[in-house]
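Just below is one structure, and these are the notes that go with it.
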Amino acid sequence: MNKNRVFIAGHNGMVGSAIVRQLSTQNNVELITRTRQQLDLTNQQAVLEFFQTEKIDQVYLAAAKVGGIVANNTYPADFIYQNLMIQCNIISSAHQAGIQQLLFLGSSCIYPKLAQQPMSESALLTGTLEETNEPYAIAKIAGIKLCESYNRQYGRDYRSVMPTNLYGPNDNFHPENSHVIPALIRRFHEAKINGDKEVVAWGSGKPMREFLYVDDMAAASIYVMNLNKTTYEENTDPMLSHINVGSGVDCSICELVEAVAKVVGFTGDIKLDVTKPDGAPRKLMNVDRLKSLGWQYDVELEQGLSLAYGWFLDNESMICN
């Protein structure tokens with residue numbers, strides 16, 4: 001039986017590794033991966049030669065330079081340049097090598113700072129972006145438009161999915177640069193181990209946020225990649241073709257903090273530092289388009305937090321050293 005040769009760009013990252021876990025169980029798939037040392041995705045010639053040599057059938061573009069607010073503010077040139085280069089090299093080289101199917105993974109930060117909630121796909125390019133991650137967001141918007149342009153000009157089948165806030169195995173648990181869920185998991189875990197009586201969380205706890213377990217994101221990505229082409233085109237627009245991926249359910253940061261404390265087993269007091277910024281009051285994805293295509297999430301927040309904490313415990317020595 002001939003197997004589909006599927007390249008996962010960014011296979012060691014949180015989303016890429018989740019896609020690898022799921023595709024590795026499919027008998028008709030041969031996974032193709034490369035580390036950064038084996039293939040520099042910012043090197044145009046190297047990427048083109050790779051695609052021309054490897055005879056790839058499908059590409060999942062999950063590779064990206066990512067980081068939190070501090071990193072985005074400190075290294076804006078790195079974020080826009082590296083992400084543009086990775087995307088341009090992979091998408092253009094895939095086309096030149098005759099690869100028909102590609103899935104680009106973006107980010108919810110593509111939407112305007114003051115987008116109407118919940119944020120639908122049609123909100124793209126309707127307002128000013130959040131200042132702190134504008135360079136990263138512009139790179140991701142360019143990735144969507146690059147896919148759409150190859151579809152329109154050359155008849156390619158290059159699709160884009162925009163995930164909400166993700167968490168799970170292979171997340172970044174750095175004490176300063178991580179996102180809210182891994183930061184809270186590590187903070188509450190260390191407080192429990194150290195016998196601390198109090199943990200401080202930033203902000204008022206009032207902002208509403210949506211979260212999706214990364215294995216659900218991987219499942220949605222594979223689902224969208226393998227949708228019938230006619231079905232995909234009938235449910236999208238040639239110049240608005242991306243699909244939001246999320247749960248469609250949000251919670252307050254206060255509720256999230258309490259849920260993480262419960263999962264970790266921290267029984268001390270929780271204090272909110274209201275002098276710290278809250279960010280946007282709400283960020284929720286409209287996932288009606290994805291639901292209409294027949295997919296919805298599976299892992300509820302508390303279950304996902306338990307799975308994420310279990311992975312943290314299994315990998316603590318590597319993470320914290």
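The values are calculated or read from the model by the stated rules, or taken from the named source; none is laboratory data. Everything numeric in this text was worked out from a predicted model, so none of it was measured. Methodologically, a virtual Cβ is constructed for each residue, glycine included, from the backbone with ideal geometry; neighbour enumeration extends over all protein chains shown.
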Scanning the stretch 55-108 residue by residue, those touching a residue at least 60 places away in the same chain (Cβ under 8 Å) and in contact with an Asp or Glu (Cβ under 6 Å, 6 or more places away or on another chain) turn out to be 101
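Out of the residues in the stretch 148-176 that are in contact with a Lys or Arg (Cβ under 7 Å, 6 or more places away or on another chain) and closer than 30 Å to residue 298 by Cα, state the one that is modelled with the lowest pLDDT. Step through it out loud before you land on a result.
Within the stretch 148-176, the first condition is being in contact with a Lys or Arg (Cβ under 7 Å, 6 or more places away or on another chain), and the residues that meet it are 150, 157, 165, 173, 175.
Filter once more, keeping what is closer than 30 Å to residue 298 by Cα: 157, 165, 173, 175.
Values: 157: 98, 165: 95, 173: 90, 175: 76.
Step by step, filter the stretch 148-176, then rank; the result is 175.
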Has the stretch 148-168 got at least one residue that is more than 27 Å from residue 100 (Cβ to Cβ), charged (D, E, K, R) and surrounded by 20 or more Cβ atoms within 10 Å (Cβ to Cβ)? no
Going by the conditions given, is residue 279 touching a residue at least 60 places away in the same chain (Cβ under 8 Å) and more than 23 Å from residue 132 (Cα to Cα)? no
Select from the stretch 276-308 the residues that are touching a Gly at 6+ places or on another chain (Cβ under 9 Å), over 30 Å from residue 228 (Cβ atoms) and surrounded by fewer than 19 Cβ atoms within 10 Å (Cβ to Cβ) and list them in ascending order. 276, 277, 278, 279, 307
Of the residues that sit in the stretch 273-321 and are touching a helix residue (DSSP H, G or I) at 6+ places or on another chain (Cβ under 8 Å) and among the β-branched types (Val, Ile, Thr), which one is nearest to residue 205 (Cα to Cα)? 299
How many of the residues making up the stretch 15-54 are free of Cβ contacts under 8 Å to residues at least 40 places away in the same chain and in a loop (DSSP other than H, G, I, E, B)? 13
Select from the stretch 104-128 the residues that are part of a loop (DSSP other than H, G, I, E, B) and either under 13 Å from residue 79 (Cβ atoms) or β-branched (Val, Ile, Thr) (or both) and list them in ascending order. 107, 126, 128
Looking at residue 243 and the list (1) at pLDDT below 95; (2) in contact with a helix residue (DSSP H, G or I) (Cβ under 7 Å, 6 or more places away or on another chain); (3) β-branched (Val, Ile, Thr), which single condition is not satisfied? (1)
Examine the stretch 225-246 for a residue that is farther than 27 Å from residue 21 by Cα, surrounded by 16 or more Cβ atoms within 10 Å (Cβ to Cβ) and of a type in the set (A, V, I, L, M), and state whether such a residue exists. no
Taking the stretch 55-72 on its own, how many of its residues are under 17 Å from the mean Cα position of the chain (by Cα), assigned to a loop (DSSP other than H, G, I, E, B) and within 26 Å of residue 224 (Cβ to Cβ)? 6
Take the residues in the stretch 75-103 that are part of a loop (DSSP other than H, G, I, E, B) and out of contact with any strand residue (DSSP E or B) (no Cβ under 7 Å at 6 or more places or on another chain); name whichever of them is farthest from residue 156 (Cα to Cα). 75
Can you name the number of the only condition in (1) of a type in the set (Gly, Ala, Ser); (2) surrounded by fewer than 19 Cβ atoms within 10 Å (Cβ to Cβ); (3) in contact with a strand residue (DSSP E or B) (Cβ under 6 Å, 6 or more places away or on another chain) that residue 46 fails? (3)
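Right, residue 29: in contact with a helix residue (DSSP H, G or I) (Cβ under 8 Å, 6 or more places away or on another chain) and surrounded by 14 or more Cβ atoms within 10 Å (Cβ to Cβ) or not? I'd like the intermediate steps shown before the answer.
Numbers: in contact with a helix residue (DSSP H, G or I) (Cβ under 8 Å, 6 or more places away or on another chain): yes; surrounded by 14 or more Cβ atoms within 10 Å (Cβ to Cβ): yes.
Yes.
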Index of the failed condition, residue 215 passing every other in (1) under 24 Å from residue 57 (Cα atoms); (2) in a strand (DSSP E or B); (3) of a type in the set (D, E, K, R): (2)
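Here is a list: 178, 204. Which entry is of a type outside the set (Asp, Glu), assigned to a loop (DSSP other than H, G, I, E, B), over 30 Å from residue 81 (Cα atoms) and in contact (Cβ under 8 Å) with a residue 12 or more places away in the chain? Step through it out loud before you land on a result.
Values: 178 fails: over 30 Å from residue 81 (Cα atoms).
Of 178, 204, the one residue that is of a type outside the set (Asp, Glu), assigned to a loop (DSSP other than H, G, I, E, B), over 30 Å from residue 81 (Cα atoms) and in contact (Cβ under 8 Å) with a residue 12 or more places away in the chain is 204.
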